[in-house]
Amino acid sequence: MLALCDIKRCAADAGFDLCGVARCRHFADNEAQFRDWLQHGYQSSLGYMERNAEKRFDPRRLVEQARTAVVCAVAYKNRFSEGYPPDCRTKVASYACNKDYHTTIRKMLQRLFAALRERQPNLEGRAFVDTAPLAEKRLAVEAGLGWIGRQSLLITPQYGSFVLLGELLLCDEADAYDTPFEGSRCGTCRACMEHCPTGAIVAPHVIDTNRCISCHTVEREPTTQIDLHGWIFGCEECQSCCPHNRQAPFHTHPAFDPVFDPLAAGPEAWRSMTEAQFVERLGETPLTRSGLARIKKNIY
């Protein structure tokens, strides 16, 4: 049996800012809401969202014999998280100004898992970083880390929504579990909905990805065209306006220091950039997911 205090101590040692522990179970209500979202076609070009819905909301179907979900978060807020000048035409989501978080967080999870296996050598489990059908935000709420805001993002009391998540699904029980986060601290605030430039937040907790700038610039491109409002990779309009984010501290983990300054390169600098220069300067960032050609296409 895993000791809750050991899990959290090891998570902190691995560099995580937050850690919560939840039982693996079926989130039936969330699955029903998700299937309704799919029926409305809000997934647009994100066809992968239609697959493995039964696994997405029951971690035990994703990892056989999974009993415990260890949900970890690391803050990444930097100066770009607070927004760009209105006339900026080369906006980049602040998480993408760093080295790719998938690689960084996976290494942190591996250190955490290794530390837990030192205490329990037969421990089995798997690590996940935003690449599998796993309802990680729901698990984070279940693990007591925060609540889901109207923009459908996890909001933590300590760091707002500027956190990145990673999970360990472990095949053993913990000696105690965290209390799920109850309710919401959004109150009557609707800033995220009001500031979305394309109206992609069609209702609280409901995103139409066909209108979402982040989807248009990062994911497979929807068939419709929208005004990107100067964003060339991602979008954080619904985050920079959030009162919880304005009060949140900057990150402290050095792995999340920006590796380039989007404000230092205007449209012409991006248009004149070669593939070799792109790889040399930005090859370790999430921007490679889109690639230089698509980024150039997003500039107007």
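Laid out as a table, the results:
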item	result
Search result, residues across the stretch 97-128 that are more than 14 Å from the chain's Cα centre (by Cα) and among the hydroxyl-bearing types (Ser, Thr, Tyr)	none
Residue match in the stretch 23-30 (condition: aliphatic (A, V, I, L, M), surrounded by fewer than 20 Cβ atoms within 10 Å (Cβ to Cβ) and in contact with a Cys (Cβ under 9 Å, 6 or more places away or on another chain))	no
Residue in the stretch 29-52 that is in contact with a Leu (Cβ under 9 Å, 6 or more places away or on another chain) and within 14 Å of Ala140 (Cα to Cα) present	no
Conditions (1) buried (at least 18 other Cβ atoms within 10 Å of the Cβ); (2) in contact (Cβ under 8 Å) with a residue 60 or more places away in the chain; (3) among the basic types (Lys, Arg); number of the one not met by Arg289	(1)
Selection status of Thr131, under 14 Å from the mean Cα position of the chain (by Cα), part of a helix (DSSP H, G or I), within 30 Å of Val279 (Cβ to Cβ) and polar (S, T, N, Q)	no
Residue match in the stretch 83-101 (condition: within 28 Å of Leu170 (Cβ to Cβ) and not in a loop (DSSP other than H, G, I, E, B))	yes
Number of the exception - Pro86 against (1) at pLDDT below 95; (2) farther than 24 Å from Gly160 by Cβ; (3) not aliphatic (A, V, I, L, M)	(2)
Matching residues in the stretch 215-251 - criterion: being among the polar types (S, T, N, Q) and either crowded, with 16+ Cβ neighbours inside 10 Å or in contact with a helix residue (DSSP H, G or I) (Cβ under 7 Å, 6 or more places away or on another chain) (or both)	Thr217, Gln239, Ser240, Asn245
Members of the stretch 271-300 found to be part of a helix (DSSP H, G or I), farther than 22 Å from Tyr101 by Cβ and not acidic (Asp, Glu), listed by number	Arg271, Ser272, Ala276, Gln277, Ala293, Lys296, Lys297
Residue in the stretch 103-116 that is in contact (Cβ under 8 Å) with a residue 12 or more places away in the chain and assigned to a loop (DSSP other than H, G, I, E, B) present	no
Qualifying residue in the stretch 186-200 (condition: among the acidic types (Asp, Glu) and either under 26 Å from Asn98 (Cα atoms) or surrounded by 21 or more Cβ atoms within 10 Å (Cβ to Cβ) (or both))	no
Enumeration of residues in the stretch 42-59 that are assigned to a loop (DSSP other than H, G, I, E, B) and free of Cβ contacts under 8 Å to residues at least 40 places away in the same chain	Asp58
Hey, Leu263 in contact (Cβ under 8 Å) with a residue 60 or more places away in the chain and either assigned to a loop (DSSP other than H, G, I, E, B) or surrounded by fewer than 12 Cβ atoms within 10 Å (Cβ to Cβ) (or both) or not	no
Filter result (hydrophobic (A, V, I, L, M, F, W, C) and either outside any helix (DSSP H, G or I) or in contact (Cβ under 8 Å) with a residue 40 or more places away in the chain (or both)) within the stretch 208-236	Cys212, Cys215, Val218, Ile226, Leu228, Trp231, Ile232, Phe233, Cys235
Residue in the stretch 194-207 that is outside any loop (DSSP other than H, G, I, E, B) and farther than 17 Å from Ser44 by Cα present	yes
Residue check, Ser94 under 20 Å from the mean Cα position of the chain (by Cα), modelled with pLDDT under 95 and within 26 Å of His229 (Cα to Cα)	no
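The values are calculated or read from the model by the stated rules, or taken from the named source; none is laboratory data. Since this is a predicted model, take the numbers as computed values, not measurements. Heads up, the Cβs are rebuilt from the backbone with ideal geometry, glycines too, and the neighbour counts pull from every protein chain shown.
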